[in-house]
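Colleague: Here it is, the structure in full.
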Amino acid sequence: MSKVRIIMYHYVRDLKNSRYPEIKGLDYELFKQQIAFLKKHFTIVTMEDVIEAWNSENGTLPENAVLLTFDDGYIDNFTAVFPILNEYKVQGSFFIPGKSFAENVLLDVNKVHFTLASADICSLVKDIYMLLDQWRSEEPASDIPSNEELFEKYAVAGRYDNKETVFVKRILQKAVPEGIRNRISSDLFQKYVGMPEDKFARELYMNRDQIRCMKREGMFIGVHGYDHYWLGNLPEQEMQADIDKALEVMDEFIDQDNWVLNYPYGSRNPNVLQYIESRGCRAGMTIEVEVADSAVHGRYELPRLNCNDFPPKSDSYLAIG
C-alpha cells in the first residue's frame, strides 16, 4: 500500500508586482517558503516513483510522500518554479495542453482567468446575461436556457470561489455550446483585458525550447489534453481525437507507452479511462481533494490537494485524509 499527497499548482508569480495581481495563484515568495517547508517535513517523490507504486505489486512510497504537479504550461513554470525546484534538487510534474505551444493560441480557460482578474464580478455577470440574450435573439435555435435557470444550476460556491465566480466559469467553460462560449469569452477578454489574444498567449505559455530544457533537467512532462476540454463531456470520437492530438504534439516530451494524463477540470468518465489505458497511459490526475491511497484510488483516479492547503498559506492538509 502506498500513500502520497499530490499537490496542485497553477500560477506561481510575483503577484503584487504583476499586471494581474488578482489572478488566483501562489505568490513567488510563498512558493519558495512552501518548497522549503515540504523539503523539511516531507519526502518529495518523482512521478516515476508514483507510476511504479501504482503499477506494480512491489512498488512502495516513503512515509509522508509528496508529489508536485503544475497545470497548464504557464511561463511562470519556467521562470519562477523551475529554478527553485532545481535549487532544492526535486522534481516537478508539468501538465501542458498541447494547443498552448503548438498553435500559440490563448485557451478559453485562460481568457476566463484573466477576465475574472480584471473585472468586477457583478459587472461580469451582467455582461454575460446581456451577451446570452443577444445570442438567443440571433440564434433562436441554439436552445440556451434562461439566465435565471443557468444561474440557479451553476452558481454554486466552491472551495475558493464565490457562487458568482463559479457561475462565470461554468458558463464560459461548458454550460453553453462551444462556439457561443468561445465568442463570449473573447468579447469579455477584449473588454476587460484589452490585449490581442495571440500576443497574450505568447507571453503566457512556455514554448518548446523551455519545455525541452525542463525535461532535460529531470522534470516530468505530462499530458493535459489538447484543447483543455472537459473530456468527460465530449462525445466519444471528439474525446479520442483530443487525446490523440495531444499525444501527437507531446511526442517529443513523453513516452507513448508510459505517460500520465491530468484531466482538464478533473473531467473524465469510463470511456475516457478505457481509452487512455488503451493508449499507454499509466496514471490519471483528478481534482478531488484527498490523499492518494493505492488501497482506495485506482491509478486513473489519483486525487490532489491544493497548494493553498499547505504552509505558509494554511495547515488544511492536516485535516485531509
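The values are calculated or read from the model by the stated rules, or taken from the named source; none is laboratory data. On a predicted model such as this, the values are computed, not experimentally measured, just so you know. For neighbour counting, all protein chains shown are included, and Cβ atoms are generated from backbone atoms with ideal geometry for every residue, glycine included. Areas reflect the complete protein model, heavy atoms only, side chains present, ligands, DNA and RNA absent. Shrake-Rupley method; radii C 1.70, N 1.55, O 1.52, S 1.80 Å.
Colleague: Looking at (1) open to solvent by 10 Å² or more (accessible area, probe 1.4 Å); (2) modelled with pLDDT of 95 or more, find the lone condition where D257 falls short.
Modeller: So the condition that D257 fails would be (2).
Colleague: Tell me the residue from L124, L106, L131 that is in a loop (DSSP other than H, G, I, E, B), closer than 16 Å to Q190 by Cβ and out of contact with any Cys (no Cβ under 8 Å at 6 or more places or on another chain), please. Lay out the reasoning, then the answer.
Modeller: Working: L124 fails: in a loop (DSSP other than H, G, I, E, B); L131 fails: in a loop (DSSP other than H, G, I, E, B).
After applying the criteria, what remains is L106.
Colleague: Looking at K191, K245 in this structure, which one is under 19 Å from Q173 (Cβ atoms), surrounded by fewer than 17 Cβ atoms within 10 Å (Cβ to Cβ), touching an Asp or Glu at 6+ places or on another chain (Cβ under 9 Å) and touching a residue at least 40 places away in the same chain (Cβ under 8 Å)? Step through it out loud before you land on a result.
Modeller: Working: K245 fails: under 19 Å from Q173 (Cβ atoms).
Only one candidate qualifies: K191.
Colleague: I'd like to know if segment 172-184 contains one or more residues that are at pLDDT 95 or above and surrounded by fewer than 14 Cβ atoms within 10 Å (Cβ to Cβ).
Modeller: There is no residue in segment 172-184 that is at pLDDT 95 or above and surrounded by fewer than 14 Cβ atoms within 10 Å (Cβ to Cβ).
Colleague: Scan segment 157-164 and tell me whether some residue there is part of a helix (DSSP H, G or I) and of a type in the set (F, W, Y). Spell out the reasoning first.
Modeller: Initial filter on segment 157-164 (part of a helix (DSSP H, G or I)): 163-164.
Of the ones still in play, those that are also of a type in the set (F, W, Y) are none.
No; the residues of segment 157-164 include none that is part of a helix (DSSP H, G or I) and of a type in the set (F, W, Y).
Colleague: For residues that are part of a helix (DSSP H, G or I) and open to solvent by 30 Å² or more (accessible area, probe 1.4 Å), tally how many sit in segment 143-156. Working first, answer last.
Modeller: Here is the first cut: in segment 143-156, the residues part of a helix (DSSP H, G or I) are 147-154.
So of that shortlist, the ones also open to solvent by 30 Å² or more (accessible area, probe 1.4 Å) come out as 148-149, 151-154.
Count: 6.
Colleague: Taking into account only those residues within segment 76-133 that are of a type in the set (F, W, Y) and in contact with a helix residue (DSSP H, G or I) (Cβ under 8 Å, 6 or more places away or on another chain), which is surrounded by the fewest Cβ atoms within 10 Å (Cβ to Cβ)? So that I can check it myself, show each step before the final result.
Modeller: Step one: of segment 76-133, the residues of a type in the set (F, W, Y) are 78, 82, 88, 94-95, 101, 114, 129.
Among the residues that remain, those that are also in contact with a helix residue (DSSP H, G or I) (Cβ under 8 Å, 6 or more places away or on another chain) are: 78, 82, 88, 94, 101, 114, 129.
Working: F78: 20, F82: 20, Y88: 14, F94: 29, F101: 21, F114: 21, Y129: 16.
The extreme case among them is Y88.
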